[in-house]
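A short worksheet on the structure shown next.
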Ligand code: MCN
Ligand code: CUN
């Protein structure tokens, strides 16, 4: 076989997505497609009240329903010691309420029946007597001395306080503020929103009584972490639990945590001895699964008169709902809010975050959020615009003046974290060039003269993704290193086993591309196995855009291990010393004699044959690795949004959106652009319409797509993308994550643009026509409830 010289890169590039072969044909297999013989169906009875004592539950009529197989209540679970489960932030959450209900939509009983409709019908036969209690809805009232105590289940708990967490140096910050020329203070709310994936959450549990093995198909972004947690909750031995995440119809953070429904499907199967499916409907998904944000923030920014930003001081009140169920490292209860100083060179900074319980659904982080980086970026980017307004300075100029400079990297932020690499001014300049910033400002002046409201908004964000270094981060005491295994079969085809998995991000393609790039095996010859704990090595899953930073690195490392082994085998085949061999994509050849070489396919065959292998080399061509990232990666970007606001109605039209992203080395540019497009739509949605509200009794006002509005193609402009490439110095490929960048970076650009158009300092999202109109008329508007 003579070696084929590759002109085009074999691995990297905009390869079409391998997984789309099945998706476009409707051949995906989602949890709801799993059908097992004798399978039963579960449905959850949920609380109509936000806060109420449970006086009694009568299940007799439901049990008498001819198709009902089991009715499970909190009392049943108590007898099995399963009424409460640990959450990923080491709080506890009721699987089914026993003493009282703490949010509207909380799980109260579980019915298992022969079919889904009978299970739903039987819910109506359950008679629950509630004694309503006053509800804590506004987190700003949660710490009032007379506020009802929500978590009276926790021993000795007499208030609704969860945690206080601080970062930065308070004294140094106060000192800088004391001498600053200009201080601007602004209160802002990042409202409660929801990831709203197309597929809701669900599970099929199959407990096999004979061999004691539980198999759980579930909508999870983190199968291995869930397996460990189920072992802890249910007391089943971990090797007797298999969690399978089949095709997932979008996660966006909604599927990181563990919901009572998953546990109930398991209990249902143990109790009935049959497989049990539970699949929630849209309202259940919106009302009871992990919401995001709900951060009340006060920002203070200090600067010199000529626009040098000196310091930032931040106070946050975080509404975590009735249980602290957010999935994030225990060491950082406020997640990665740590990076609240953003992309700027400051003298000092300090923030304090206080978390409280309220009578709302639990959760509190996830929605393409990078664990609170979204809130942090929104805060600092709004504060910079408020400062620009105060100083009467162009927001682009103010940013250029204060952005970190390339020579400052690696940069240690005032909170201690180290940004790995960046060239921020080049990125912002590029976005301004694509936008035609200077001309846009001229156009804006002309339109203003005609009474038209055009606005230009900028946001510059730094992300922190790729959780994370084992010594810094853990969930449930489990570090965040990712395992990865690669096997090359005798004919040179390969299988890669990953601990992370895709909910739409295209891993089956991009991870094959990494192996292809490292080994010269064509991507179509590489199968990527993921989402099944029995078939893949341990790892903590897909979230915080960690797949490329952590498992992407693992895939590169494991490929290089295979390549090193292939070298030893090739040396035996060619009867030369390994040092005399040189690698070119797909083959080892003899230095100075390029015709004499062996392709990776030839080597794979020989590795499985009767070749005399060098001392210490085992047969076959495979390797495994566990990658423990030395640091997070810090992707970044410059976004510019152009809006037109209708002066009569307050309606906002996003006319243009320019996004220049830097995620280091780009594996698949087409997939990256897809990720950015999706995130920009998220950002426009959050800025303009997405919102979960509550009335004063705690009734959820965002429980359907009639109330929880999502952006469509009509609200989105044709995105204008650009990129720069600043590789991560510590990642074997130089790649950083990108999956959440646009969601994190874009809301501030839209809000900044609207404020620029209407000449008001600040209006909280969502910028609905009525809120914008009110702000234009009265100069301000209350935060949404
Ligand atoms: N990629 C690349 N080159 C880079 C970085 C990433 O080609 N330098 C590719 C990756 O190989 C991967 C995709 O881009 O195919 C996203 O990679 P990464 O940034 O590592 O993010 P994850 O794969 O870990 O995905 C998680 C991230 C998160 S946390 C949310 S939330 C979100 C997001 O991805 N949820 C999504 N994007 C989503 N996209 C879809 N379609 N569905 C979701 O649920
Ligand atoms: Cu923050 S949502 Mo994603 O990390 O799964």
field: Mean Cβ neighbour count within 10 Å, used as a protection proxy, ranking 45-56, 468-479 highest first
entry: 45-56, 468-479
query: Whole number please: convex hull volume per residue of the Cα set in the range 482-627, in Å³?
result: 105 Å³
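For a footprinting-style exposure proxy, rank 772, 184 by other Cβ within 10 Å, fewest first. It would help to have the intermediate numbers written out before the result.
Numbers: 772 26, 184 20.
In order of increasing Cβ crowding within 10 Å: 184, 772.
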query: Could you work out the helix-only [θ] at 222 nm for the chain, with each DSSP H run of four or more residues adding -39,500 (n - 2.57) and the total divided by the number of residues, to the nearest 500 deg cm²/dmol?
result: -8000 deg cm²/dmol
field: Förster radius 60 Å - calculated FRET efficiency between residue 117 and residue 591 (Cβ-Cβ, nearest 0.05)
entry: 0.25
Alpha carbon convex hull of the range 609-737, volume per residue in cubic angstrom: 247 Å³
- request: Within 10 Å, count the other beta carbons around each residue, average over each peptide in 633-642, 729-738, 589-598, 134-143, and list them highest first.
  value: 633-642, 729-738, 134-143, 589-598
message: Need the full-extension length gain, residue 706 to residue 426, defined as separation in residues times 0.36 nm minus the C-alpha distance. One decimal, nm.
response: 96.5 nm
statement: Final fewest-first order of 670, 297 on the 10 Å Cβ neighbour count is 670, 297
message: Can you give me the C-alpha center-to-center distance between the range 490-516 and the range 544-601, rounded to a whole angstrom?
response: 18 Å
query: Spin-label point model (7 Å from Cα, Cβ direction): what's the residue 577 to residue 401 distance in nm?
result: 6.4 nm
- request: Take the alpha-carbon centre of the range 745-776, take the same for the range 57-97, and report the distance between them in whole Å.
  value: 45 Å
- request: Would you give the gap between the C-alpha center of the range 672-702 and the C-alpha center of the range 388-458, rounded to a whole Å?
  value: 25 Å
task: Starting with the highest mean, order 241-247, 675-681, 207-213 by the number of other Cβ atoms within 10 Å, averaged over the residues of each peptide.
output: 675-681, 241-247, 207-213
- request: Take every Cα-Cα pair in the range 207-362 and report what % of them are more than 27 Å apart.
  value: 42 percent
Alpha-carbon Rg with Dmax, taken over the range 463-503, Å: 14.6, 42
- prompt: Going by how many other Cβ atoms sit within 10 Å of their own, how do 269, 370 line up, fewest first?
  reply: 269, 370
- prompt: Debye sum, Cα scatterers, the range 168-239, no solvent: what log₁₀ I/I(0) at q = 0.16 1/Å?
  reply: -0.75
task: Mind pulling the per residue volume of the convex hull built on the Cα atoms of the range 555-646? Å³ is fine.
output: 214 Å³
task: Taking just the C-alpha trace of the chain, give me its Rg and Dmax in Å.
output: 27.5, 86
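Every read-out reported here was derived from the displayed coordinates using simple, explicitly stated rules and does not represent laboratory data. Predicted model, so just to flag it, every value in this text is computed and none were measured. Ideal geometry is used to build each Cβ from the backbone, glycine not excepted, and the neighbour counts take in all protein chains shown.
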